[in-house]
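**Student:** Before I ask anything, let me first share the structure, which is written out below as structure tokens.
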Amino acid sequence: MTTDRPAALASSLPAPRGTAPAGGHGDGSAPAPHPAPRRGFLAKAFGITAVLSAAGSGLGLLRDLLLARYFGANQGTDAFLVAWTVPETAAPLLIEDAMSFLMVPAFALALVLREEDPDAPDPVRQLVRATLPWLLSALGCLALTVALGAPRVVDLLAPGLPDPALAVTCTRITAITVLPFGVAGYLAAALRAHHRFTAPAGIYVAHNLGILAVLLCLHSVLGVRSAALGVAAGSLLMAGLLIGPFLRRLRQGPSGTGTGSGAGRSRRSRRALVLMPLALLPVAAFTLIRQAQVFVERYLGSALPPGTISHLNYAAKVSQLAMTAGILICTITFPLVARALAAGDLTAARDRVEKDLGQAAAVVLLGTACLVACAPSVVSLLFERGAFGPHDTAATADVIRVYSFGLPAQALIGVMIRPYFSLCPVVRRADDPGTEDGRRRLLDWYPAAAMVLGLGVTVTTGLLATPRFGALGLAAGNAAGITAVAALLLRGLVLRGIPLRLPRVLGGHARLVIAAAGATLLGTAAAGLAADPLLSTLLGGLTVALAFAALGTGLGAREVRGPVLAVARALKPVRNPATVAEEGKRPHGQ
């Protein structure tokens, strides 16, 4: 282990791939470096994931439109949204966040070990045998606990709810989602570590199709309970979609053509994996504390006029659309970062993280500018029909504009937390000394501590602002708290040992923020020129996009300037070859 690495990493990072100890291959030779993904891999993976994620988001938006149309914003929808807190908490914990943070690095390390010693017992199968049975048992017990404790859960989340009995019923139904969500998250992490993105990207399509099917068929019979049943049915479809692809990958050995069960596989590998279950705790704590911001909103919002929780929910769902592409970027690149860290390549990991921070910020700031400029017309266009009236449109649009100030911070946290927890592995090499100093253990808990401080900002701001500003005060608390967490994690990533070049990162973000602010002002003015919601949205959105591109290019923001110049080159007319040849015959200067 080289001595120029930060002390906090000395026990967690393996030796660089080119300097593995003799015997890694059984012949004393150093293992060959992991082959880089073929050219265009990231673009193809992003394209597939973006299309399926957009389809899932579109179906999710249709789901929310039907909820608004059938049930409006009233006591019934408030009761369902309290029950929705269960899958809303389980999804980040068990699908995209905690499970991904833990298992993508674990499978990445297993794949590195498989490449280093292909004749040893398969580390990927060893990892599955060590973790999956325990996970299924824990998830089953957790789902049962939530269902039995539903009355207490509702009382804690929304003590001022007018109809707690309906919320309890919906909560017991949605408790089913805990088990299939966990299975889906585990299988998706394994597939992404293998650079298989299509099936994991389709899980939200399956989920929302299940919700829509039940909602359309049973809304008139069961009312808002049909939405809860749809959530449960959709979660089962999510897990079912991934089982087949996962089993196919598990049956394949290192060469991808079989199990590779040669004579050499009967010996014990010196590079086997050792399970470290306590690594779950800081990751789960971070995710749950982060989700507690939603609990704060529901708790404080339950004492406000009926429909407030629904307005907050619709605003959050629309606002999250601006984050989708930004989160997709780090979802695709996370296995590459985890593989680089498992192989000990800090420079490659740093470069990838810096690039992800810039690209995610550019995408989310563009979406944020569009939302702030066009919020009233977007909400009117999407929701204002049926039981959802003009008052609901105005209230939801105001909340969206306040929420939007926290969206860039949410995207940056999504980028930073993945490499951070890659250095808090749930498994380690058997031949790793595994020494754990106090500083390392404290740094494992740094993200959770940052979230506690951010939650304190959220609660304080909400308590001070809610009596006067209502739902806007809650949205302001959310934005302030998450922004504070992003600032703390940016520093924490450096302390963790990934040497980000902060002046470069912050300078690039400053250019993007200035470009987004200018585009927002111009887009707001353009959106106000038309009364029709569709025309207003188109005018405002187009103005924001053009202004952001022009300002970002003029300010030298690489994340904007590069794509703009690429589009300009693509649109530049091809010169006639004959004309070019004739020009070559002219004397110089004519």
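**Student:** Considering only the range 493-500, I want to know if a residue exists there that is open to solvent by 60 Å² or more (accessible area, probe 1.4 Å) and either free of Cβ contacts under 8 Å to residues at least 24 places away in the same chain or under 22 Å from the mean Cα position of the chain (by Cα) (or both).
**Tutor:** No, there is no match, as no residue in the range 493-500 is open to solvent by 60 Å² or more (accessible area, probe 1.4 Å) and either free of Cβ contacts under 8 Å to residues at least 24 places away in the same chain or under 22 Å from the mean Cα position of the chain (by Cα) (or both).
**Student:** Of all residues in the range 439-464 being at pLDDT 85 or above and open to solvent by less than 20 Å² (accessible area, probe 1.4 Å), which is farthest from the chain's Cα centre (by Cα)?
**Tutor:** So, considering only residues that are at pLDDT 85 or above and open to solvent by less than 20 Å² (accessible area, probe 1.4 Å), the one farthest from the chain's Cα centre (by Cα) is Thr458.
Let's see how each residue does on (1) among the β-branched types (Val, Ile, Thr); (2) assigned to a helix (DSSP H, G or I); (3) modelled with pLDDT under 90:
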{"site": "Ile482", "(1), (2), (3)": "yes, yes, no"}
{"site": "Gly518", "(1), (2), (3)": "no, yes, no"}
{"site": "Gly552", "(1), (2), (3)": "no, yes, no"}
{"site": "Pro563", "(1), (2), (3)": "no, yes, yes"}
{"site": "Ala570", "(1), (2), (3)": "no, yes, yes"}
{"site": "Arg575", "(1), (2), (3)": "no, no, yes"}
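**Student:** Out of all the residues in the range 391-401, is one or more free of Cβ contacts under 8 Å to residues at least 60 places away in the same chain, charged (D, E, K, R) and open to solvent by less than 10 Å² (accessible area, probe 1.4 Å)?
**Tutor:** No.
**Student:** Which one of Pro123, Pro162 is of a type outside the set (Val, Ile, Thr), surrounded by fewer than 15 Cβ atoms within 10 Å (Cβ to Cβ) and over 13 Å from Pro87 (Cβ atoms)?
**Tutor:** Details: Pro123 fails: surrounded by fewer than 15 Cβ atoms within 10 Å (Cβ to Cβ).
Only one candidate qualifies: Pro162.
**Student:** Further question on the same structure: Right, Thr333: under 17 Å from the mean Cα position of the chain (by Cα), farther than 30 Å from Val82 by Cβ, modelled with pLDDT of 80 or more and polar (S, T, N, Q) or not?
**Tutor:** So Thr333 passes the test.
**Student:** For the range 61-75, which residues satisfy the criterion of being open to solvent by 20 Å² or more (accessible area, probe 1.4 Å) and more than 24 Å from the chain's Cα centre (by Cα)?
**Tutor:** Leu66, Arg69, Tyr70, Phe71, Ala73, Asn74, Gln75
**Student:** Which of the residues spanning the range 507-557 are in contact with a Gly (Cβ under 7 Å, 6 or more places away or on another chain) and surrounded by fewer than 17 Cβ atoms within 10 Å (Cβ to Cβ)?
**Tutor:** Hits for the range 507-557: nothing passes.
**Student:** Give me the pairs: first residue in the range 502-514 and closer than 16 Å to Thr553 by Cβ and of a type in the set (A, V, I, L, M, F, W, C), second residue open to solvent by less than 50 Å² (accessible area, probe 1.4 Å) and not in a helix (DSSP H, G or I), beta-carbon distance under 9 Å, and six or more apart or on different chains, which are they?
**Tutor:** Correct list of pairs: Leu512/Ala557; Ile514/Ala557.
**Student:** Still on this structure, I have one more. In the range 306-347, which residues are open to solvent by 20 Å² or more (accessible area, probe 1.4 Å) and of a type in the set (S, T, N, Q)?
**Tutor:** Once the filter is applied, which keeps residues that are open to solvent by 20 Å² or more (accessible area, probe 1.4 Å) and of a type in the set (S, T, N, Q), the range 306-347 yields Gln320, Thr324, Thr347.
**Student:** Would the range 207-227 turn up any residue that is under 20 Å from Leu328 (Cα atoms) and either open to solvent by less than 20 Å² (accessible area, probe 1.4 Å) or at pLDDT below 90 (or both)?
**Tutor:** Looking for residues that are under 20 Å from Leu328 (Cα atoms) and either open to solvent by less than 20 Å² (accessible area, probe 1.4 Å) or at pLDDT below 90 (or both), one finds at least one in the range 207-227, hence yes.
**Student:** For Ala510, indicate whether it is in contact with a Ser or Thr (Cβ under 8 Å, 6 or more places away or on another chain) and closer than 15 Å to Val364 by Cα.
**Tutor:** no
**Student:** Every residue in the range 215-237 that is over 16 Å from Ile173 (Cβ atoms) and among the aliphatic types (A, V, I, L, M), please. Walk me through how you get there before you give the answer.
**Tutor:** So in the range 215-237, the residues over 16 Å from Ile173 (Cβ atoms) come out as 216, 220.
Correct list: Leu216 only.
Residues are listed down the side, and each one gets a yes or a no for (1) closer than 25 Å to Thr393 by Cβ; (2) touching a Lys or Arg at 6+ places or on another chain (Cβ under 9 Å); (3) without any contact (Cβ under 8 Å) to a residue 40 or more places away in the chain:
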position: Leu66; (1), (2), (3): yes, no, no
position: Gly76; (1), (2), (3): yes, no, no
position: Leu93; (1), (2), (3): no, no, no
position: Val112; (1), (2), (3): no, yes, no
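**Student:** Another one. Mind checking which pairs have a first residue in the range 407-436 that is within 25 Å of Gln320 (Cα to Cα) and a second that is polar (S, T, N, Q) and modelled with pLDDT of 65 or more, Cβ under 8 Å, 6 or more apart or different chains?
**Tutor:** Within 8 Å, the pairs are Leu407/Ser319; Leu407/Thr368; Pro408/Thr368; Ala409/Thr483; Arg418/Ser100.
**Student:** Next question, about the same structure. If we scan the range 140-150, do we find a residue that is open to solvent by less than 50 Å² (accessible area, probe 1.4 Å), within 27 Å of the chain's Cα centre (by Cα) and either of a type outside the set (A, V, I, L, M) or on the phi > 0 side of the Ramachandran plot (or both)?
**Tutor:** yes
The values are calculated or read from the model by the stated rules, or taken from the named source; none is laboratory data. The shown structure was predicted, so the numbers you read here are calculated from the model rather than taken from an experiment. A quick note on method: Cβ atoms are made from the backbone with ideal geometry, for glycine too, and the neighbour counts reach across all protein chains shown. Quick note on the areas: whole protein, heavy atoms, side chains included, nothing else; ligands and nucleic acids left out. Shrake-Rupley method; radii C 1.70, N 1.55, O 1.52, S 1.80 Å.
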